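Coordinate-derived values only; no laboratory data. Keep in mind the model is a prediction, meaning the values are calculated, not measured. Glycine gets a Cβ as well: all are built from the backbone with ideal geometry, and neighbour counts include every protein chain shown.
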Amino acid sequence: MTKHKPLRAWVEEWRALCEPKAVHWCDGSQAEYDRLSNEMVASGAATRLDGARWPNCLLFRSDPSDVARVEERTFICSTIREDAGPTNNWMEPAEMKALMRKSYQGCMQGRTLYVIPYSMGPIGSPIANIGVEITDSPYVVVNMHIMTRVGTKVLEVLGEHGEFVRAMHSVGAPLAPGQKDVAWPCNPDIQKKFITHFPDTREIWSYGSGYGGNALLGKKCHALRIASVQARDEGWLAEHMLIIKLTNPAGKSIYVAAAFPSQCGKTNFAMMEPTLPGWKVQTIGDDICWMKRAADGRWHAINPEAGFFGVAPGTSLKSNPNAMRTIQRNTIFTNCVLTPDNGVWWEDLGAPPAQGVDWQGKEWSPASGKKGAHPNARFTAPARQCPVIAPEWEDPAGVPISAILFGGRRASVVPLVTEARDWQHGVFMGSIMGSEMTAAAFGTIGVLRRDPMAMLPFCGYHMGDYFAHWLKVGRESRAEDLPRIYYVNWFRKSAEGQWLWPGFGDNARVLKWIFERVERGGSAVETPIGRLPAAGALDFSGLDMSAEEQAELFSVDPAAWRAELPGIREHYAKLGERLPAALREELSALERKLQG
Ligand code: O2Y
Ligand code: MN
């Protein structure tokens with residue numbers, strides 16, 4: 001327990017409303033993790049995998065209605081409607097609270113209320129931030145143990161008066177006396193689910209879902225939506241970015257952050273094995289980056305998370321060997337296939353088992369032609385288990401960022417890599433970033449979805465103000481202290497529809513050029529859209545690519561770019577008056593350059 005009176009009062013308020021049968025304050029110990037795991041195995045909520053091949057690993061199957069983040073049920077309830085902006089759902093805070101309180105009334109009957117004190121970032125780091133999540137889901141507790149730093153040591157840092165983000169969660173499935181629980185309790189009615197943020201009071205209220213970003217409230221809800229507002233108010237950046245350490249053959253290292261939308265291989269990139277001899281990539285984080293200006297003037301970043309909540313389908317020894325090595329033990333799997341030898345399998349992992357149990361708990365065989373794992377099946381694994389985790393990944397001071405990459409999936413138009421002329425131009429690049437959809441869940445397949453800085457679903461305030469904040473960061477720093485900004489596109493195709501770029505470990509070739517640019521070497525040419533590698537500046541050694549194919553990767557077609565402009569204008573128009581004038585000017589400058 002804690003001497004923090006406001007925290008105790010807050011927990012008591014929710015206990016009285018939700019009426020749980022018990023309250024448990026999480027201490028974050030291994031014993032706590034093991035006890036909850038064993039209870040969930042005993043109740044049938046989880047399956048323990050084969051202890052020899054998958055030591056201390058569990059498999060869960062979710063309710064079919066509860067398989068992913070629900071953007072349409074995600075709300076930013078700022079006091080002033082305009083502050084949420086046109087890209088977020090909004091409701092007046094008091095109205096939302098009144099509505100949700102009705103749902104929370106008695107919602108934990110028959111269940112335990114868990115109190116999870118957690119730290120986003122190394123405990124005690126000046127960049128870290130504390131939250132407390134209340135939940136009635138033991139699945140959430142064990143996932144939070146992996147994804148964040150949990151327990152008594154967090155309460156010690158919080159002391160008697162520390163500030164914390166209040167994160168309230170219930171699966172919304174009370175149990176009547178004697179009622180048997182289901183394996184995955186939730187409220188299956190999508191209209192009853194709410195993932196609500198009150199940015200002005202730093203509160204999160206989540207109801208009805210037990211899955212991922214809807215329920216592990218430290219991740220998207222706290223570390224992005226609430227933290228983006230804190231960052232705006234306090235002058236730092238909370239971003240949807242991976243962080244890597246890049247080391248050249250001479251042993252010199254720089255740190256790079258990168259924002260790619262979902263489905264663009266962020267975790268693969270964060271754990272890449274470079275194909276270029278002597279180059280090394282090490283992981284600091286795979287999803288979220290908090291950056292603050294340090295005493296040296298530079299922007300230092302931490303990964304606020306302690307684990308990876310990675311998408312399983314598509315992950316294999318070929319696409320991401322380091323992820324495969326990370327998830328061999330102490331890992332929670334959700335919605336994967338259970339194999340006859342008590343292991344897990346998912347699409348593209350390798351040879352499928354002859355038969356198994358699919359993510360819905362039904363007998364399954366590959367011959368059925370149906371997918372065995374859900375496309376959004378996940379692994380939750382401790383970051384410390386990653387064989388290429390950088391030794392300084394938990395440095396409380398963070399790591400100085402030299403370059404920021406923006407990117408998306410574009411089959412045409414956008415070159416392999418473009419360097420921004422300056423910070424403002426880089427912010428412009430990030431603001432128009434988009435990706436062609438590969439999963440129907442995010443939009444029509446193949447259609448371009450603009451996702452500025454990959455923050456569209458995660459920015460806790462008005463996107464126009466968010467761009468203004470980025471521009472302000474640039475104005476308040478010396479140019480030499482700011483990271484350089486790049487736009488990358490691994491997904492360009494030839495006129496015949498073939499991928500032009502091998503991707504994966506060969507992306508290190510692009511990183512090599514960026515490294516050389518940061519170190520003031522590496523030559524570039526000016527184009528209307530920014531600076532591209534000069535002829536011979538990008539290392540193609542050992543790649544079987546013709547000179548024409550290489551040229552195609554970098555071609556800038558003014559007509560194709562001019563055809564982009566109406567879409568960009570439309571995207572900007574949606575943001576209205578709050579779009580910074582500097583970005584309109586960048587757009588006009590691009591238009592002029594494309595004519596000239
Ligand atoms: O569907 C979910 O709840 C997970 S979404 C997710 C998980 C890990 C990292 N990034 C994401 C994302 O949607 O960006
Ligand atoms: Mn993400």
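What lysines could a cross-link reach from Lys21, if we take a straight Cα to Cα line under 17 Å and drop same-chain neighbours fewer than 8 places away?
Cross-link targets: Lys180.
How big is the antiparallel share of DSSP beta bridges in the stretch 98-169, given as a percent to the nearest 5?
70 percent
Could you tell me how far the Cα centroid of the stretch 13-44 sits from the Cα centroid of the stretch 83-152, in Å?
15 Å
Quick check: the distance between the Cα centres of the stretch 306-339 and the stretch 176-246, to the nearest angstrom?
Between the Cα centre of the stretch 306-339 and that of the stretch 176-246, the gap is 22 Å.
Quick one: Cys459, Cys18, fewest Cβ neighbours within 10 Å first, how do they rank?
Cys18, Cys459
Along each of its three principal axes, how wide is the spread of alpha-carbon positions in the stretch 149-295, in whole angstrom units, largest first?
So the extents along the principal axes, rounded to whole Å, are 67, 38, 30.
What net charge do the residues around Glu570 carry, taking every other residue with its C-beta under 12 Å from that of Glu570, with Lys and Arg at +1 and Asp and Glu at -1?
So the surrounding residues net to +2.
Which net charge results for the neighbourhood of Gly343, defined as the other residues with beta-carbon distances under 9 angstrom from its beta-carbon, given Lys and Arg at +1 and Asp and Glu at -1? List each step's numbers first, then the result.
Working: positive: Arg53; negative: Asp50, Asp341.
That sum, taken over residues with Cβ under 9 Å, equals -1.
If you take every DSSP beta bridge whose two residues both sit in the chain, what share of them, in percent to the nearest 5, is antiparallel?
Rounded to the nearest five, the antiparallel share is 65 percent.
Under 19 Å Cα-Cα from Lys252, which aspartates and glutamates qualify once same-chain neighbours fewer than 8 residues away are excluded?
Hits, sequence-local ones excluded: Glu273, Glu392, Asp395, Glu480, Asp481, Glu516, Glu519, Asp539.
For the stretch 307-385, with the dipole built from +1 on Lys and Arg beta-carbon atoms and -1 on Asp and Glu ones, taken about the Cα centre, which of Phe333, Ala367, Pro321 lies farthest toward the positive end?
The listed residue farthest towards the positive side: Pro321.
For a footprinting-style exposure proxy, rank Tyr211, Tyr104 by other Cβ within 10 Å, fewest first.
Starting with the residue having the fewest Cβ neighbours, the order is Tyr104, Tyr211.
Give the order of Ser125, Ser206 when sorted by the count of other beta carbons within 10 angstrom, beginning with the fewest. Before the final figure, lay out each step's value.
Numbers: Ser125 20, Ser206 30.
Least crowded to most crowded, the residues run Ser125, Ser206.
State which entries of Lys192/Lys370; Lys280/Lys318; Lys220/Lys245; Lys102/Lys266 exceed 28 angstrom in Cα-Cα distance in the structure shown.
Cα-Cα > 28 Å for Lys192/Lys370; Lys102/Lys266; rest within.
For the chain, find the longest principal axis of its Cα atoms and tell me its angle to the long axis of helix 463-475, 0 to 90°, nearest 10.
In the chain, helix 463-475 runs at an angle near 60 degrees to the longest axis.
Given the C-alpha centroids of the stretch 506-571 and the stretch 53-77, what is the distance between them in whole angstrom?
With the stretch 506-571 and the stretch 53-77 each reduced to a Cα centre, they are spaced 38 Å.
Cα-based Rg (one decimal) and Dmax (whole number) for the stretch 307-385, in Å?
Rg and Dmax of the stretch 307-385, Cα atoms, are 12.0, 38 Å.
Kirkwood hydrodynamic radius for the stretch 138-218: how many Å is it when counted over pairs of different Cα atoms?
Hydrodynamic radius (Kirkwood, Cα only) of the stretch 138-218 equals 14.3 Å.
Which semi-axes, in whole Å and largest first, does the equivalent ellipsoid of the chain have when worked out from the alpha carbon gyration tensor as the square roots of 5 times its eigenvalues?
Working from the Cα gyration tensor, I get semi-axes of 39, 28, 23 Å.
Around Val556, under 14 Å between beta carbons, what's the net of Lys plus Arg minus Asp minus Glu among the other residues?
Local charge sum for Val556: 0.
Taking the Cα atoms only, what angle lies between the long axis of helix 507-518 and the longest principal axis of the chain, rounded to 10 degrees?
Relative to the chain, helix 507-518 is tipped by roughly 70 degrees.
First check a/c for the stretch 429-565, with a ≥ b ≥ c the square roots of the eigenvalues of its C-alpha gyration tensor; if it is under 1.5, answer rounded, and if not, answer prolate when a/b is larger than b/c or oblate otherwise.
Judged from the Cα gyration tensor, the stretch 429-565 comes out oblate (a/c at least 1.5, b/c at or above a/b).
Treat the stretch 488-596 as a sphere of radius equal to its Kirkwood radius over Cα pairs and apply Stokes-Einstein at 25 °C in a medium of 0.890 mPa s; give the translational diffusion coefficient in µm²/s, rounded to a whole number.
On the way: Rh = 16.1 Å.
After rounding, the answer is 152 µm²/s.
Mean residue ellipticity at 222 nm from the helices of the chain, using -39,500 (n - 2.57) per DSSP H segment of n ≥ 4 over the full residue count, to the nearest 500 deg cm²/dmol?
-7500 deg cm²/dmol
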